[in-house]
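The structure appears below as structure tokens.
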Amino acid sequence: MPELPEVETVRRSLTPYVINQTIADVTVYLPRMVRTHDPSGFHAHLVGQTINDLTRRGKHLIWHFPNCLMISHLRMEGKFFVSEESLPKMPHEHVRIQFTSGRVLIYQDVRTFGTFDLYDKPAELSTLKPLKDLGLEPFDAGFSGAYLHDQFNTRKGPIKPVLLDQTIILGLGNIYADEVLFCAGIHPTRKANKISLKRLNNLADCAKNVLKKAIELGGTTIRTYENSLGIDGLFQNELYVHTLENEPCRVCQTPIRRIKLSGRSTYYCKNCQH
Ligand SMILES: [Zn+2]
């Protein structure tokens with residue numbers, strides 16, 4: 001499943017292909033993917049519009065048009081694919097955008113959980129339904145140990161599932177939550193509300209640094225996920241704990257352990273994390 005660094009990599013790789021492109025035609029093969037409009041309404045709003053910008057909030061891609069915004073989410077396995085010429089319908093293709101230049105943007109999704117929402121341009125992006133109630137990204141100005149200390153105050157359970165709560169930290173998923181906890185030396189079962197401000201300052205720095213490094217390396221390619229345009233990320237070579245059960249810790253050689261927390265596999269070093 002793509003996490004923040006993978007979605008940022010998709011955004012960066014698509015940007016040169018879609019900016020200033022004008023939409024000639026839109027085909028929706030799976031109507032339920034478009035949650036705000038039926039296929040004909042979606043088509044009517046988009047045809048003739050030019051993409052001015054492509055931005056990201058958490059794991060949402062935000063497509064900016066002069067008169068509206070499209071918010072898309074890749075969910076489990078969504079992928080965008082660009083072609084310079086028209087192609088027959090591809091396997092698992094659910095949305096196709098044809099540009100006036102002849103270029104084609106294809107959305108493929110084996111699991112079909114991806115979504116597309118279309119909105120009139122709001123004054124504030126954060127008022128839109130998919131973006132409401134989201135917490136701060138590690139790259140946001142207000143993200144700090146003090147912010148985490150305040151948010152964790154009422155959270156008496158283990159920290160790992162709390163890190164995955166998008167209303168607190170936006171954009172950390174299972175891979176990076178494990179890596180951030182290793183970086184900060186915090187045991188995944190430690191109670192969130194019992195962690196000192198000093199350690200949370202360190203955790204906030206680790207969240208920024210781990211995600212920044214992952215974005216620089218194009219994200220992580222593990223299992224079935226491969227980003228748009230077939231570019232493989234390289235961050236899997238930088239992992240310290242995630243998916244490395246029984247491998248020696250890169251710092252202390254202790255075998256990495258795997259446990260389940262809230263149903264998610266969690267990897268950690270019992271010697272480095274307390
Ligand atoms: Zn270790």
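The values are calculated or read from the model by the stated rules, or taken from the named source; none is laboratory data. A quick note: this is a predicted structure, and the numbers were derived from the prediction, not measured. Because the Cβ atoms are built from the backbone with ideal geometry, glycine has one as well, and the counts that use them run over all protein chains shown.
Quick look at the values:
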item	result
Selection count, region 245-274, where residues are within 24 Å of ARG199 (Cβ to Cβ), surrounded by 12 or more Cβ atoms within 10 Å (Cβ to Cβ) and not hydroxyl-bearing (Ser, Thr, Tyr)	14
Contacts under 9 angstrom Cβ, first residue in region 230-253 being under 20 Å from LEU4 (Cβ atoms) and not assigned by TED's automatic domain parsing to the domain that holds GLU77, partner at pLDDT below 95 and within 9 Å of the ligand (Cβ to nearest atom), 6 or more apart	none
Matching residues in region 230-243 - criterion: being more than 9 Å from the ligand (Cβ to nearest atom) and under 11 Å from ILE175 (Cα atoms)	PHE235, GLN236, LEU239, HIS242, THR243
Any hit, region 44-57, residues being closer than 17 Å to THR112 by Cβ, touching a residue at least 24 places away in the same chain (Cβ under 8 Å) and not in a strand (DSSP E or B)	no
Scope region 178-211; condition in contact (Cβ under 8 Å) with a residue 60 or more places away in the chain and under 21 Å from GLY233 (Cβ atoms); matching residues	ASP178, GLU179, LEU181, PHE182, ALA207, LYS208, LEU211
Residue selected from region 250-274 under the condition of a type outside the set (S, T, N, Q) and over 26 Å from GLY157 (Cα atoms), by the criterion farthest from the ligand (Cβ to nearest atom)	ARG250
Subset of region 232-242 (residues that are over 17 Å from the mean Cα position of the chain (by Cα), surrounded by 17 or more Cβ atoms within 10 Å (Cβ to Cβ) and either in a helix (DSSP H, G or I) or hydroxyl-bearing (Ser, Thr, Tyr) (or both))	TYR240
Odd one out for ASN202 among (1) polar (S, T, N, Q); (2) touching a strand residue (DSSP E or B) at 6+ places or on another chain (Cβ under 6 Å); (3) not in a loop (DSSP other than H, G, I, E, B)	(2)
Selected residue (only one of LEU163, LEU197 is crowded, with 20+ Cβ neighbours inside 10 Å and out of contact with any Ser or Thr (no Cβ under 6 Å at 6 or more places or on another chain))	LEU163
Matching residues in region 166-182 - criterion: being within 13 Å of the chain's Cα centre (by Cα) and either surrounded by fewer than 24 Cβ atoms within 10 Å (Cβ to Cβ) or in a helix (DSSP H, G or I) (or both)	GLN166, LEU170, GLY173, ASN174, ILE175, TYR176, ALA177
Residue match in region 121-140 (condition: buried (at least 18 other Cβ atoms within 10 Å of the Cβ), assigned to a loop (DSSP other than H, G, I, E, B) and touching an Asp or Glu at 6+ places or on another chain (Cβ under 6 Å))	no
Odd one out for ILE186, checked against (1) at pLDDT below 95; (2) assigned to a loop (DSSP other than H, G, I, E, B); (3) of a type in the set (A, V, I, L, M)	(1)
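Residue by residue, here is whether (1) surrounded by 15 or more Cβ atoms within 10 Å (Cβ to Cβ); (2) of a type outside the set (D, E, K, R) holds:
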| site | (1), (2) |
| --- | --- |
| THR27 | yes, yes |
| MET33 | yes, yes |
| LYS89 | no, no |
| TYR107 | yes, yes |
| PHE113 | no, yes |
